[in-house]
Amino acid sequence: MSLYRPEFSTSEQLRIDAEFSRLAKNKSVYLDHAGTTLYAENQVKAAAEQLQRNVICNPHTCRLTGDFVDQVRFKVLEFFNTTAEDYHVIFTANATAALSLVADNFDFGSSGDFHFCQENHTSVLGMRERVRANGIYMLKEAEISAGLANGKGKVLQEESSRRTGNSLVTFSAQCNFSGYKIPLEAIGRIQTDGLPQAGKRIWGSGDEKKDTTHNDYYVCLDAACFVATSPLDLHKYQPDYVCLSFYKIFGYPTGVGALLVSRRGAEAFGKRRFFGGGTINYAYPHAMDHQLRESFQQRYEDGTLPFLSIVALLEGFRTLERLVPKAEGLGTMERISRHVFGLAQYLEEQLTELEHPNGEKLIQLYNKVGYRDKSRQGGIVAFNVRTETGSFVGFGEIACVAALHGILLRTGCFCNIGACQYYLGLDEQAMDAIYKRAGRICGDYFDLIDGQPTGAVRVSFGYMTTRQDVDELLKMLRSSYLATKPQQRIRFIEEQAEQLPPVLKKRAEQLRPKLLQLAVFPVKSCAAFKVESLGSWPLTDQGLKYDREWMIVDMNGMALTQKRCTELCLIRPSIRLDIGQLELQFGEDGATISVPLSLEDQAADSAKCVSKVCRQPVEGLDCGDQVAQWLCQNLGLEGLRLLRQSGQRNASKDQQTKQKLSLVNQAQFLLLNKSSVRSLQFEEPLDETVDRFRANIIIDTGCAFEELAYKGLTIGGIRFQVEGPCQRCDMICINQRTGERSPETLTTISRLQQGRMRFGIYITRIPDDLEDSEAKEQHMTCGDTVLVE
Ligand SMILES: *Cc1c(COP(=O)(O)O)cnc(C)c1O
């Protein structure tokens, strides 16, 4: 085992730490630098001062701003070790916009092809919709990096008369999934030798094995991930196009990227099919006549540049040089790349050593060449977690558990489905099973399908990441996922529970479970209003009447949740049907306030607002100043408002069906079996643990976890269909009586269930065909018998 050797001296490290003090204040460990890195605190301060000192205005108006922008262009060229002699700098919105600009403007001639790499970012795949190429080819990464070692390629210079087309080859300098770095030598090789008959043609007509030697080859380098933590030397390697986003290098500002175009690349750009403000010398309105600007980059910068952000880039460059100064002949980016690589190497070593007591590895790593050579591997580690029986833990749960530990990391496919396919070994059938049949979409939490992962966990480092950050991650993985006492685990899980044992179905009358408790949550994220003993409660087609009918929004109109404000659980609503009021009380004997239950009594002039719940826009009616003030006072926050949902959350039928299918969204009811909670044996009163789950329907069957095998159930004559287990897990760490947080709750469950975390089931009422639901309100009554199937 090699020891971790820090790249930065102690004093350098202290200086860096001081600029990211907000991480500790927010108890955050940030490990998603491939998503974006973080800005230094003095960097944004200095950028703001810059704005305060100077009169910066539209560069088309003001010379000074124009000079600033040119200064930044100069800095960008210097940063990549090149000059305006060799490269043009076109400012874009981000790397994606730069790629799309190449796709739009590259002139393929009559025979040019478009080649991209399997392990490409979605934004590169998107280029194929725009390019006017002859054929479109997917290349394996090996086909690019191995290049044409066999020398089959053809040098075309002598035969220039035969050239009829330009081919474009696009690939990432560093894979944003795995951190693998492609050998940049491939660039020059492709430019001179081409790529005859490589790759799999996915589009195009005619003879696939045609002679491609009459094409010139150009390279578009997606450098967005690579340049964030590695030096790119454009003197040494000269791709024709380089695409990047600055926030990945500096953290601030967002909204600026660049397309660097070599002289050679500029010549392969065709005639533009659009011109915008700033790109022309003149354009007649009365005739199809315009003249483009002389300067190449100006022709492609449509409209007003994000000049304030561009000016702020200067501070980004300065900050990197200030915090990571050149030392012993190593440049800033070289040192950053050594730092992040060192951390990745350390993490990989530690992860490899994690084993369950039975000797099974905890971690499945995804990388191509290991962590030996920083010219081939960057500061990214992608992996999945396995249980001691070898099954995978879903990445959705890792994300949840990590978040509870204050660790920010990324899960899924990271906009790189091709890399996901490659590293997880998914063939075309497996891809169809995931995306077409199971309906996974980017960004969701369908993390396991038939036990196989559909994505991974990714951690990535920046110059401000410390070894302690990596240790926090290791600590989280060890404490949450390493089995310690294997025999103590609850052995119910699907294998056994798939089929409900017949004895449970045929339970004798007196042994049938009863509905124990109903819980209505009138105000989203606040305490429950419980209906117990023989009480009954009306149902609507949304669920329990008044459930989540109100919500508290902050000054930005965003719904307040316990995640952001744990004190919400101290707000206790009671629904007073007798007097037609919703009463709120703060704490056990705090102040109270009321709002009317009936929508008609709601002030006719109350303002309509729109907020979002579970990513769905909801329309709400404002409940007035009085209750708003009461909320602000009790929660100690400014600008809060209470909204009442006016429209239906599941507006369209379409959406409703969709919601039923997706476990990510909430179903109508969450049902909890008290017996399962009992098996957790937490050191707190059982009912407090029950409350943590914020379920609507609580039963007690005497048999822990049998509910996971239910297909449907009938409670007091009302039929429900089971949507699936509840995998939401963020709330249960908050004790609903005290508002205290304890991540252990979650990690305990995760461990008991071999990292699965399923507790309670989502159920939806099956509408009764005969009954006219408008006319007859149905009720559920505590004490009702529960029949299961
Ligand atoms: C981030 C990233 C992109 C896209 O960058 P945007 O800023 O979202 O346009 C493209 N390719 C790679 C390799 C990336 O890491």
Does Cys569 satisfy the condition of being of a type in the set (A, V, I, L, M, F, W, C), at pLDDT below 90 and buried (at least 17 other Cβ atoms within 10 Å of the Cβ)? no
Picking from Asp289, Asp302, the residue that is in contact with a Ser or Thr (Cβ under 8 Å, 6 or more places away or on another chain) and without any contact (Cβ under 8 Å) to a residue 40 or more places away in the chain would be Asp302
Can you work out which of the residues in segment 660-692 that are touching a helix residue (DSSP H, G or I) at 6+ places or on another chain (Cβ under 7 Å), modelled with pLDDT of 90 or more and not in a helix (DSSP H, G or I) is surrounded by the fewest Cβ atoms within 10 Å (Cβ to Cβ)? Leu671
Looking only at segment 58-76, count how many residues are touching a residue at least 60 places away in the same chain (Cβ under 8 Å) and either touching a Lys or Arg at 6+ places or on another chain (Cβ under 6 Å) or not aromatic (Phe, Trp, Tyr) (or both). 10
Only one of Thr36, Thr61 is of a type in the set (Ser, Thr, Tyr) and surrounded by fewer than 17 Cβ atoms within 10 Å (Cβ to Cβ). Can you tell me which? Thr61
Please list, ordered by first then second residue, the pairs with beta carbon atoms under 6 Å, 6 or more apart or interchain, first in segment 169-189 and within 12 Å of Pro239 (Cβ to Cβ), second assigned to a helix (DSSP H, G or I). Val169/Ile190; Thr170/Val124; Phe171/Ile144; Ala173/Phe226; Ile182/Ser145; Ala186/Ile144; Ala186/Ser145
Could you pull out the residue among Ser533, Ser611 that is of a type in the set (Ser, Thr, Tyr), closer than 30 Å to Lys514 by Cα, out of contact with any helix residue (DSSP H, G or I) (no Cβ under 8 Å at 6 or more places or on another chain) and at pLDDT below 85? Ser533
Among the listed residues Phe269, Phe317, identify the single one that is closer than 24 Å to Cys225 by Cα and either modelled with pLDDT of 95 or more or within 16 Å of the ligand (Cβ to nearest atom) (or both). Phe317
Single unsatisfied condition, Gly35 versus (1) in a helix (DSSP H, G or I); (2) not assigned by TED's automatic domain parsing to the domain that holds Gln297: (1)
Per-region count, segment 84-143, residues within 14 Å of the ligand (Cβ to nearest atom), closer than 20 Å to Ile182 by Cβ and not in a helix (DSSP H, G or I): 6
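Quick one: in segment 593-608, of everything that is farther than 13 Å from Trp550 by Cβ and not in a loop (DSSP other than H, G, I, E, B), which residue is modelled with the highest pLDDT? Full working, then the answer.
Initial filter on segment 593-608 (farther than 13 Å from Trp550 by Cβ): 598, 600-601, 603-605, 607-608.
Next cut, not in a loop (DSSP other than H, G, I, E, B) only: 600-601, 608.
On the way: Glu600: 73, Asp601: 69, Lys608: 66.
Filtering segment 593-608 for residues that are farther than 13 Å from Trp550 by Cβ and not in a loop (DSSP other than H, G, I, E, B), the one modelled with the highest pLDDT comes out as Glu600.
Just checking, how many residues over segment 164-184 are part of a loop (DSSP other than H, G, I, E, B), open to solvent by 10 Å² or more (accessible area, probe 1.4 Å) and more than 9 Å from the ligand (Cβ to nearest atom)?
Start the filter on segment 164-184 by keeping residues that are part of a loop (DSSP other than H, G, I, E, B), which leaves 164, 173, 175-179, 182-184.
From what's left, open to solvent by 10 Å² or more (accessible area, probe 1.4 Å): 164, 176, 183-184.
From what is left, the residues that are more than 9 Å from the ligand (Cβ to nearest atom) are 164, 183-184.
Count: 3.
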Out of curiosity, is Ala695 in a loop (DSSP other than H, G, I, E, B) and open to solvent by less than 10 Å² (accessible area, probe 1.4 Å)? yes
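Does Asp70 fit the bill of being in the same structural domain as Trp203 (by TED's automatic domain parsing), more than 16 Å from the ligand (Cβ to nearest atom), among the acidic types (Asp, Glu) and outside any loop (DSSP other than H, G, I, E, B)? Explain how you work it out, then say what you get.
Values: in the same structural domain as Trp203 (by TED's automatic domain parsing): yes; more than 16 Å from the ligand (Cβ to nearest atom): yes; among the acidic types (Asp, Glu): yes; outside any loop (DSSP other than H, G, I, E, B): yes.
Judged against the criteria, Asp70 is a match.
Identify all residues within segment 445-486 that are basic (Lys, Arg) and open to solvent by 20 Å² or more (accessible area, probe 1.4 Å); write none if there are none. Full working, then the answer.
Here is the first cut: in segment 445-486, the ones basic (Lys, Arg) are 458, 467, 475, 478, 485.
Within segment 445-486, Arg467, Lys475, Arg478, Lys485 meet the criteria.
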Among (1) surrounded by 22 or more Cβ atoms within 10 Å (Cβ to Cβ); (2) more than 16 Å from the ligand (Cβ to nearest atom), where does His405 come up short? (1)
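Taking the stated definitions as given, is Val55 free of Cβ contacts under 8 Å to residues at least 40 places away in the same chain, away from the ligand (no atom under 16 Å from the Cβ), hydrophobic (A, V, I, L, M, F, W, C) and within 17 Å of Thr304 (Cβ to Cβ)?
Details: free of Cβ contacts under 8 Å to residues at least 40 places away in the same chain: yes; away from the ligand (no atom under 16 Å from the Cβ): yes; hydrophobic (A, V, I, L, M, F, W, C): yes; within 17 Å of Thr304 (Cβ to Cβ): yes.
Answer is yes for this residue.
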For residues in segment 352-371 being open to solvent by less than 20 Å² (accessible area, probe 1.4 Å) and over 26 Å from the mean Cα position of the chain (by Cα), which is farthest from Ala382 (Cα to Cα)? His356
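Would you be able to tell me the number of residues in segment 375-398 that are closer than 30 Å to Met333 by Cβ and either assigned by TED's automatic domain parsing to the domain that holds Arg758 or open to solvent by less than 20 Å² (accessible area, probe 1.4 Å) (or both)?
Of the residues in segment 375-398, the ones closer than 30 Å to Met333 by Cβ are 375-383.
Next, from what is left, pick out any that are either assigned by TED's automatic domain parsing to the domain that holds Arg758 or open to solvent by less than 20 Å² (accessible area, probe 1.4 Å) (or both): 377-383.
Residues in segment 375-398 being closer than 30 Å to Met333 by Cβ and either assigned by TED's automatic domain parsing to the domain that holds Arg758 or open to solvent by less than 20 Å² (accessible area, probe 1.4 Å) (or both): 7 in total.
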Filter result for the condition that a residue is over 22 Å from the mean Cα position of the chain (by Cα), of a type in the set (Asp, Glu) and surrounded by fewer than 24 Cβ atoms within 10 Å (Cβ to Cβ), over Asp107, Asp113: Asp107
Selection from segment 225-254 of residues open to solvent by 10 Å² or more (accessible area, probe 1.4 Å) and within 9 Å of the ligand (Cβ to nearest atom) yields Cys225, Phe226, Ala228, Tyr247, Lys248, Thr254
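Hey, any hits in segment 21-33 for a residue that's within 16 Å of the ligand (Cβ to nearest atom), modelled with pLDDT of 95 or more and touching an Asp or Glu at 6+ places or on another chain (Cβ under 9 Å)? Spell out how you get there, then give the answer.
In the first step, residues of segment 21-33 are kept if they are within 16 Å of the ligand (Cβ to nearest atom); the result is 31-33.
Filter again for modelled with pLDDT of 95 or more, leaving 31-33.
Within this subset, residues satisfying the condition of being touching an Asp or Glu at 6+ places or on another chain (Cβ under 9 Å) are 31.
Yes, because at least one residue in segment 21-33 is within 16 Å of the ligand (Cβ to nearest atom), modelled with pLDDT of 95 or more and touching an Asp or Glu at 6+ places or on another chain (Cβ under 9 Å).
Could you count how many residues in segment 412-444 are without any contact (Cβ under 8 Å) to a residue 60 or more places away in the chain, within 18 Å of Thr36 (Cα to Cα) and either open to solvent by 30 Å² or more (accessible area, probe 1.4 Å) or of a type in the set (D, E, K, R) (or both)?
Qualifying residue count for the region: 1.
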Residue that is nearest to Thr465 (Cα to Cα) [pool: residues in segment 372-418 that are among the β-branched types (Val, Ile, Thr) and in a loop (DSSP other than H, G, I, E, B)]: Thr387
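Can you give me the number of residues within segment 513-553 that are assigned to a strand (DSSP E or B) and not polar (S, T, N, Q)?
Residues that pass the stated criteria total 19.
The values are calculated or read from the model by the stated rules, or taken from the named source; none is laboratory data. Values in this document were obtained by computation on a predicted structure and should not be read as measured data. No Cβ is skipped: glycine too gets one built from the backbone with ideal geometry, and neighbour counts run over all protein chains shown. Remember, those area values only see protein heavy atoms, side chains included, never the ligands or the DNA or RNA. Shrake-Rupley method; radii C 1.70, N 1.55, O 1.52, S 1.80 Å.
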